[in-house]
Amino acid sequence: MKLDSSISAVVTGGASGLGEATARMLASHGVRVAVFDFNAEFGESLVAEIGGVFCAVDVTREEQVDAAFAKARAAIGQERILVNCAGIGPATKTASRNKTSGAIVHHPLDQFERVIQVNLIGTFRCGAKSSAGMMTLAPIEDEFHSGERGVIINTASVAAQDGQMGQAAYSASKAGIVGMTLPMARDLMAEGIRVNSILPGIFETPLLMSLPDKVRQALGESVPFPKRMGNPAEYAAMVESIARNAYLNGESIRLDGAIRMAPR
């Protein structure tokens with residue numbers, strides 16, 4: 001679809017990292033943007049700069065998600081674009097042995113469930129509610145996009161396909177996003193709503209940028225080409241391409257410099 005001031009968008013996890021870059025890209029084209037995030041300080045600061053509206057929301061809480069969509073739609077109208085970037089990624093092995101005491105512990109199940117709730121169920125919750133709203137819109141009628149009502153872009157990870165040690169919960173949640181992409185696209189095809197997912201590799205997110213310089217350099221050099229970490233603007237550029245191209249549907253796209261993750 002054409003990106004301009006006639007379009008509204010919601011970006012979850014939009015206050016920092018990949019989500020922030022996406023919100024900035026959309027706003028640069030005149031798109032009216034709602035930023036969903038739990039970090040009110042960062043979110044309010046961002047929308048003060050780019051325009052739009054900030055909605056404080058935990059994507060695991062249905063009442064908060066409902067309230068956020070209601071606030072966003074009242075301020076900027078029904079969204080035609082949803083980009084799901086909200087996610088967490090704690091690292092814990094399935095089971096491990098303490099090197100000092102020899103004590104054996106397994107992955108805390110409440111932590112595993114939390115990752116699934118945020119990354120997978122949170123993504124689906126927002127996608128389901130957004131698509132229901134998109135269905136109320138009139139289709140876009142032009143030469144290339146006849147009948148399109150909206151697009152949902154989910155954020156998976158290369159860990160969905162080659163997760164590392166300690167990423168059982170994270171990989172499971174991201175593989176679930178990949179697995180539901182095509183069924184969601186098929187569910188919504190008659191309504192003119194597309195669904196795609198992006199699988200980012202190693203990107204300059206706040207978490208990775210907090211690592212020591214030597215570690216970040218080594219991570220960048222592990223990428224076949226280009227030998228560096230991805231810039232969030234490159235993720236946003238992929239979002240832009242997906243949003244603009246009405247023929248791209250039901251696809252999960254690796255954005256990773258051709259990296260294949262080692263076990264650790």
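The values are calculated or read from the model by the stated rules, or taken from the named source; none is laboratory data. It should be emphasised that the depicted structure is a prediction, and the values quoted were computed from it without experimental measurement. Reconstructed Cβ throughout: ideal geometry from the backbone, glycine too, with neighbour counts over all protein chains shown.
Please go through segment 210-225 and pick out each residue that is without any contact (Cβ under 8 Å) to a residue 24 or more places away in the chain and either over 29 Å from residue 251 (Cα atoms) or of a type in the set (Gly, Ala, Ser) (or both).
Initially, segment 210-225 is screened for residues without any contact (Cβ under 8 Å) to a residue 24 or more places away in the chain, giving 210-221.
Once the filter is applied, which keeps residues that are without any contact (Cβ under 8 Å) to a residue 24 or more places away in the chain and either over 29 Å from residue 251 (Cα atoms) or of a type in the set (Gly, Ala, Ser) (or both), segment 210-225 yields 210, 211, 212, 213, 214, 215, 216, 217, 218, 220.
Against the condition hydroxyl-bearing (Ser, Thr, Tyr), surrounded by fewer than 24 Cβ atoms within 10 Å (Cβ to Cβ) and under 24 Å from residue 180 (Cα atoms), how does residue 12 come out, does it pass?
The answer is no for residue 12.
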Legend entry - Those residues of segment 150-166 which are of a type in the set (S, T, N, Q) and surrounded by 24 or more Cβ atoms within 10 Å (Cβ to Cβ), in sequence order: 154, 155, 157
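Do you know which of the residues in segment 65-112 that are in contact (Cβ under 8 Å) with a residue 12 or more places away in the chain and hydroxyl-bearing (Ser, Thr, Tyr) is nearest to residue 203 (Cα to Cα)?
Restricting attention to segment 65-112, the residues satisfying the condition of being in contact (Cβ under 8 Å) with a residue 12 or more places away in the chain are 65-69, 71-73, 75-95, 106-108, 111-112.
Next, only the ones that are hydroxyl-bearing (Ser, Thr, Tyr) stay: 92, 94.
On the way: 92: 21, 94: 25 Å.
Among them, the one singled out is 92.
With the requirement that a residue be within 18 Å of residue 64 (Cβ to Cβ), among the hydrophobic types (A, V, I, L, M, F, W, C) and either assigned to a loop (DSSP other than H, G, I, E, B) or touching a strand residue (DSSP E or B) at 6+ places or on another chain (Cβ under 7 Å) (or both), what does segment 8-46 give you? Spell out how you get there, then give the answer.
Here is the first cut: in segment 8-46, the residues within 18 Å of residue 64 (Cβ to Cβ) are 10-15, 19, 34-44.
Next cut, among the hydrophobic types (A, V, I, L, M, F, W, C) only: 10-11, 15, 34-36, 38, 40, 42.
Within segment 8-46, 10, 11, 15, 34, 35, 36, 38, 40 qualify.
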Legend entry - Residue count, segment 60-116 (criterion: buried (at least 17 other Cβ atoms within 10 Å of the Cβ), of a type in the set (Gly, Ala, Ser) and not in a loop (DSSP other than H, G, I, E, B)): 2
Legend entry - Test for residue 190: is it at pLDDT 95 or above, surrounded by fewer than 13 Cβ atoms within 10 Å (Cβ to Cβ) and within 24 Å of residue 151 (Cα to Cα): yes
Inset, instruction - Look through segment 167-187, keep the residues that are farther than 25 Å from residue 95 by Cβ and touching a helix residue (DSSP H, G or I) at 6+ places or on another chain (Cβ under 7 Å), and return whichever of them is surrounded by the fewest Cβ atoms within 10 Å (Cβ to Cβ). - result: 178
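Answer yes if at least one residue in segment 207-227 is surrounded by 21 or more Cβ atoms within 10 Å (Cβ to Cβ) and either modelled with pLDDT of 95 or more or among the polar types (S, T, N, Q) (or both), and no otherwise.
Here is the first cut: in segment 207-227, the residues surrounded by 21 or more Cβ atoms within 10 Å (Cβ to Cβ) are none.
Among the residues of segment 207-227, not one is surrounded by 21 or more Cβ atoms within 10 Å (Cβ to Cβ) and either modelled with pLDDT of 95 or more or among the polar types (S, T, N, Q) (or both), which makes the answer no.
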Legend entry - Residue check for residue 214: more than 22 Å from the chain's Cα centre (by Cα), outside any helix (DSSP H, G or I), farther than 24 Å from residue 15 by Cβ and of a type outside the set (Val, Ile, Thr): no
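How many residues, within segment 117-148, are of a type outside the set (Val, Ile, Thr) and assigned to a helix (DSSP H, G or I)?
Of segment 117-148, the ones of a type outside the set (Val, Ile, Thr) are 117, 119-120, 122, 124-135, 137-139, 141-148.
In the following step, the residues that additionally are assigned to a helix (DSSP H, G or I) were identified as 117, 119-120, 122, 124-134.
The qualifying residues number 15.
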Legend entry - Pairs with Cβ under 8 Å, 6+ apart, first in segment 129-143 and in contact (Cβ under 8 Å) with a residue 40 or more places away in the chain, second outside any helix (DSSP H, G or I) and hydroxyl-bearing (Ser, Thr, Tyr): 139/146; 140/146
Inset, instruction - Considering only segment 149-193, state which residues are part of a loop (DSSP other than H, G, I, E, B) and within 24 Å of residue 14 (Cα to Cα). - result: 149, 156, 157, 158, 167
